[in-house]
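Data block below; observations after.
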Amino acid sequence: MTVHLQQEQQTMLWTLAMHAHDAASTRPILGDRYAADLLDRVDDPPRLGLSLAGNTPLICARAKLIDDAARAFLARHDEAVVLHLGCGLDSRLLRLDPGPGIRWFDVDQDPVIELRRELYGEREGATSVAASVTDPGWWAQVPDDVPRLVLAEGLLMYLDPEGVHTAVTHALTPGSTLVADTVAPWVTWIAGLQPAMRAADTGFLSSTNDLAAAAGAVNLEDELSLVDATATRTGGLTSTAIRLFALASGGRDAMVLRTYRRP
Ligand SMILES: C[S@@+](CC[C@H](N)C(=O)[O-])C[C@H]1O[C@@H](n2cnc3c(N)ncnc32)[C@H](O)[C@@H]1O
């Protein structure tokens, strides 16, 4: 099936290709057993150049930590809503296989969701929503009578500060937990130099500061350095290089995973 993916929409094929690359490696970090098959079924799958392939451990460590956070939430709640924002073609729903009391929403922009529906089909308890997370309209249909987990992986940096504010304030209603990764301000600048980003005519528009501003007084429950998390999940020269990078000023906070919880 062919859909026309524009700008940041293309990036979800990169993360999918990185998941497949990781799963085929001798020491997988995430071990996403669905990614390669999904990638095979996409027209014109991306070829990971050296610089994108080099991001595989970081992207897969991020996905692993978010899977772990979601599993811990699902272990505590039989009845809940999970919003998987900017889901791309990620197989998290299959990896976590939530129970019957969980209402799961996969949310992304129109062409991505069209492709996702084609590749995944329907699943009981799961709804795919074709909408921008910055559009207040669709948030109204999200049930608010049970605890809510909102996952935003590789998403917020593609929104401008106003978009981050809209998405985060709608996400963090009472009884909600938000798990989202975000980048340091200097990374938004560096990302624009990445050849694949330039070719896709996309870039990072917001940073950790914008997430912090949007979350306001909501409790920041946890912050993990994704640089450290990657170093501990890799070995040899890769791990050494990442550990050295973490020592540099601002290195450790280049990309972080934050958890906000509103009682
Ligand atoms: C880097 S990909 C991450 C995909 C997935 N979370 C993963 O880790 O594989 C970024 C995703 O965010 C989606 N996205 C960007 N802006 C969005 C918006 N305003 N509303 C909904 N999704 C958006 C893109 O379409 C894309 O699927």
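The values are calculated or read from the model by the stated rules, or taken from the named source; none is laboratory data. Predicted, not measured: the structure shown is a model, and the values here were computed from it. We place every Cβ from the backbone using ideal geometry, glycine too, and count neighbours over all the protein chains shown. When the accessible area is computed, the model is the full protein with side chains, heavy atoms only, and any ligands, DNA or RNA have been set aside. Shrake-Rupley method; radii C 1.70, N 1.55, O 1.52, S 1.80 Å.
Against the conditions (1) more than 19 Å from the chain's Cα centre (by Cα); (2) under 25 Å from A72 (Cα atoms); (3) surrounded by 13 or more Cβ atoms within 10 Å (Cβ to Cβ), M255 satisfies every one except (1). The lone criterion from (1) in contact with a helix residue (DSSP H, G or I) (Cβ under 9 Å, 6 or more places away or on another chain); (2) part of a helix (DSSP H, G or I) left unmet by A180 is number (2).
Once the stretch 174-191 is narrowed to residues that are in contact with a Lys or Arg (Cβ under 9 Å, 6 or more places away or on another chain) and open to solvent by less than 30 Å² (accessible area, probe 1.4 Å), the residue that is farthest from H77 (Cα to Cα) is T182.
Quickly run through the stretch 220-241 and pick out the residues that are more than 21 Å from the chain's Cα centre (by Cα) and either among the basic types (K, R) or on the phi < 0 side of the Ramachandran plot (or both).
Initially, the stretch 220-241 is screened for residues more than 21 Å from the chain's Cα centre (by Cα), giving 235-241.
Residues satisfying the conditions are G235, L237, T238, S239, T240, A241.
So is T166 hydroxyl-bearing (S, T, Y), outside any strand (DSSP E or B), open to solvent by 20 Å² or more (accessible area, probe 1.4 Å) and more than 15 Å from Q9 (Cα to Cα) or not? Talk me through it step by step, then tell me what you get.
Numbers: hydroxyl-bearing (S, T, Y): yes; outside any strand (DSSP E or B): yes; open to solvent by 20 Å² or more (accessible area, probe 1.4 Å): yes; more than 15 Å from Q9 (Cα to Cα): yes.
Spelling it out, T166 is indeed hydroxyl-bearing (S, T, Y), outside any strand (DSSP E or B), open to solvent by 20 Å² or more (accessible area, probe 1.4 Å) and more than 15 Å from Q9 (Cα to Cα).
Which of the residues belonging to the stretch 132-145 are over 24 Å from D78 (Cβ atoms), among the hydrophobic types (A, V, I, L, M, F, W, C) and more than 12 Å from the ligand (Cβ to nearest atom)? Listed by number, the list holds a single entry, A140. Is there a residue being of a type in the set (G, A, S) and within 16 Å of the chain's Cα centre (by Cα) anywhere in the stretch 191-206? Yes; the residues of the stretch 191-206 include at least one that is of a type in the set (G, A, S) and within 16 Å of the chain's Cα centre (by Cα). Looking only at the stretch 231-263, residues that are in a loop (DSSP other than H, G, I, E, B), aliphatic (A, V, I, L, M) and touching a residue at least 60 places away in the same chain (Cβ under 8 Å) come to 1 in all.
Give D201, D181 a once-over and let me know the one that is over 22 Å from I66 (Cα atoms) and touching a residue at least 40 places away in the same chain (Cβ under 8 Å). Lay out the reasoning, then the answer.
On the way: D181 fails: over 22 Å from I66 (Cα atoms).
Going through D201, D181 in turn, the sole match is D201.
The single residue among V164, V168, V107, V183 that is within 11 Å of the ligand (Cβ to nearest atom), within 18 Å of the chain's Cα centre (by Cα) and more than 14 Å from C87 (Cβ to Cβ) turns out to be V164.
Only a single criterion out of (1) within 27 Å of N55 (Cα to Cα); (2) buried (at least 16 other Cβ atoms within 10 Å of the Cβ); (3) away from the ligand (no atom under 12 Å from the Cβ) is not satisfied by R148, namely (1).
At least 2 residues that are open to solvent by 40 Å² or more (accessible area, probe 1.4 Å) and within 22 Å of A167 (Cα to Cα) in each: list the strands (runs of 3 or more DSSP E) lying fully within the stretch 48-139 that qualify.
Numbers: elements: 80-85, 102-108, 126-130.
So the answer is 126-130.
Taken over the stretch 194-234, the residue count meeting the criterion of being open to solvent by less than 40 Å² (accessible area, probe 1.4 Å), of a type in the set (V, I, T) and farther than 27 Å from R47 by Cβ is 2.
Within the stretch 4-47, restricting attention to residues that are within 11 Å of the ligand (Cβ to nearest atom), open to solvent by less than 60 Å² (accessible area, probe 1.4 Å) and in a loop (DSSP other than H, G, I, E, B), the residue that is farthest from R95 (Cα to Cα) is L5.
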